[in-house]
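Q: Quick one: this structure, given as structure tokens, is what I'll be asking you about.
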Amino acid sequence: MTNLKIDRAFVSLDEGQLHLRILEGDKNIVPIILLHASPASSWFMQGLIRALADAGFRGSIIAPDTLGNGDSVVPSQTEPDIGYFADSIRRMMDALGLKQAHIYGTHTGARIACEFGVLFPDSTGTAMLDGITEYADELREQIIANYAPKVEPDEYGRHLIWAFNFCRDQALYFPHFLKTPENRLAVPMPPPEILHRITLDVLKSLDSYSKPYLAAFNYRAFDRMPKLGAPTLLLKRDGELAQLNQSIEDALKLLPDGHAISVAASDADKASAILNFLERTKA
């Protein structure tokens, strides 16, 4: 099953073409849409796509590249907010002929998934949020000012070195620009192949990678959660940023129909938790 072929496709939006990866399934089953973290692309969702199929999900699984990331077109707005990105997913669904979907998102994708559920309740089967929190105002301001700098191509290729170290530093510190002992992460360094791939994603979208990032950090997730009526799963993942896992209890108090589960970091464990949640919340 893990060798199932994941197709690549484009759908046309007003901005241009949105790129996605899709594992086609039973059209009578509500599909799952997977929204990736910044500054990556749907390339990083392939393991979870296959794990969901291995775990027994038989509907379609769709993973778009967020506008401004991967092979998707750049956002049309100069400073798009998370609502803009959520609306792009609704428009993608319209182009694919989908009336409803289960929406999973990780980090930036989790914030888009949250807002999608608020804005489009009839289109949301369930929401699954993997890594979402509310940042204190002082930290939020630091992050917005420093996290995703504008970088221009350089005649000596210094932007190439910057991109690799930008991705590498995110595995070492949070936020990556505060390189102090208290900000050091207790997680292993990703293998070189993964660092290489995410660096390629940053370079591919060098002029637009910051747009989803800034939208995500400006988003007030806890202000919006009380309006998210769909059954919502919060994933408490091993190895996740401590701040994200620690905020789950606060988020549960805000969600009208919130659920939480602790999972290992593997795609297989995450897929099993997602499908168990879908089974429990089945109408």
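Q: Over every pair of different alpha-carbon atoms in the chain, take the mean of 1/r and invert it; report that Kirkwood radius in Å.
A: 19.0
Q: Could you estimate the translational diffusion coefficient of segment 91-206 from the Stokes-Einstein equation, with Rh from the Kirkwood formula over C-alpha pairs, at 10 °C and 1.306 mPa s, in whole µm²/s?
A: Stokes-Einstein gives a translational diffusion coefficient of 94 µm²/s.
Q: Quick one: among ARG220, ARG58, ARG158, which has the greatest mean-square fluctuation in a GNM of the chain with alpha-carbon springs under 10 angstrom?
A: With Cα springs under 10 Å in the chain, the top fluctuation among ARG220, ARG58, ARG158 is at ARG158.
Q: Here's another thing I want to ask about it. For an R0 of 22 angstrom, estimate the FRET efficiency from the Cβ-Cβ distance between GLN77 and GLN100 and round to the nearest 0.05.
A: Taking R0 as 22 Å, the efficiency between GLN77 and GLN100 is 0.25.
Q: How far, in nm, would the chain grow between GLU193 and LEU139 when pulled straight, counting 0.36 nm per residue and subtracting the alpha carbon separation?
A: 16.3 nm
Q: Hey, another quick one. Cα to Cα, under 22 Å, and not fewer than 8 places away if on the same chain: which lysines meet these conditions relative to LYS211?
A: LYS150
Q: Please report the antiparallel percentage of DSSP beta bridges with both residues in segment 1-147, rounded to the nearest 5.
A: So the antiparallel bridges amount to about 50 percent of the total.
Q: On to the next question. Determine the calculated [θ] at 222 nm for the chain from helices alone, applying -39500 (n - 2.57) to every DSSP H run no shorter than 4 residues and normalising by the residue count; nearest 500 deg cm²/dmol. The partial results should precede the final answer.
A: Working: 11 runs with 112 residues, N = 283.
My calculation for the chain gives -11500 deg cm²/dmol from helical runs alone.
Q: Applying 1/(1 + (r/R0)^6) with R0 = 22 Å to the Cβ-Cβ distance of ASP122 and ASP14, what FRET efficiency is obtained, to the nearest 0.05?
A: Efficiency, rounded to the nearest 0.05: 0.50.
Q: What net charge do the residues around GLU24 carry, taking every other residue with its C-beta under 15 Å from that of GLU24, with Lys and Arg at +1 and Asp and Glu at -1?
A: So the surrounding residues net to +4.
Q: Turning to a different aspect of this structure: For segment 114-184, which whole percent of the accessible surface, found with a 1.4 angstrom probe, sits on carbon and sulfur atoms?
A: 51
Q: With the other protein chains left in place, how much accessible area per residue, in square angstrom, belongs to segment 80-214 at a 1.4 angstrom probe? Let's see the in-between values first.
A: On the way: 6120 Å² over 135 residues.
Heavy-atom SASA per residue in segment 80-214 reads 45 Å².
Q: Could you work out which residue, out of ILE132, ILE248, ILE29, moves most in a Gaussian network model of the chain, that is, has the largest mean-square fluctuation with Cα springs under 10 Å?
A: Most flexible of the set in this elastic network: ILE29.
Q: Let me ask another. With a 1.4 Å probe and every protein chain left in place, work out the accessible area per residue of segment 1-70 in Å², rounded to a whole number.
A: On the way: 2730 Å² over 70 residues.
With the other protein chains kept in place, segment 1-70 gives 39 Å² per residue.
Q: ASP169 to GLU24: FRET efficiency via 1/(1 + (r/R0)^6), r the Cβ-Cβ distance, R0 22 Å, to the nearest 0.05?
A: That gives a FRET efficiency of 0.05.
Q: Just to confirm a number: summing +1 for Lys and Arg and -1 for Asp and Glu over residues other than ALA242 whose beta-carbon lies under 13 angstrom from that of ALA242, what do you get?
A: The answer is 0.
The values are calculated or read from the model by the stated rules, or taken from the named source; none is laboratory data. Just so we're clear, the structure is a prediction, and the values are computed from it rather than from any experiment. Counting neighbours? That spans all protein chains shown, and the Cβs are built from the backbone with ideal geometry, glycine included. Note: areas computed on protein heavy atoms with side chains; ligands, DNA, RNA excluded. Shrake-Rupley method; radii C 1.70, N 1.55, O 1.52, S 1.80 Å.
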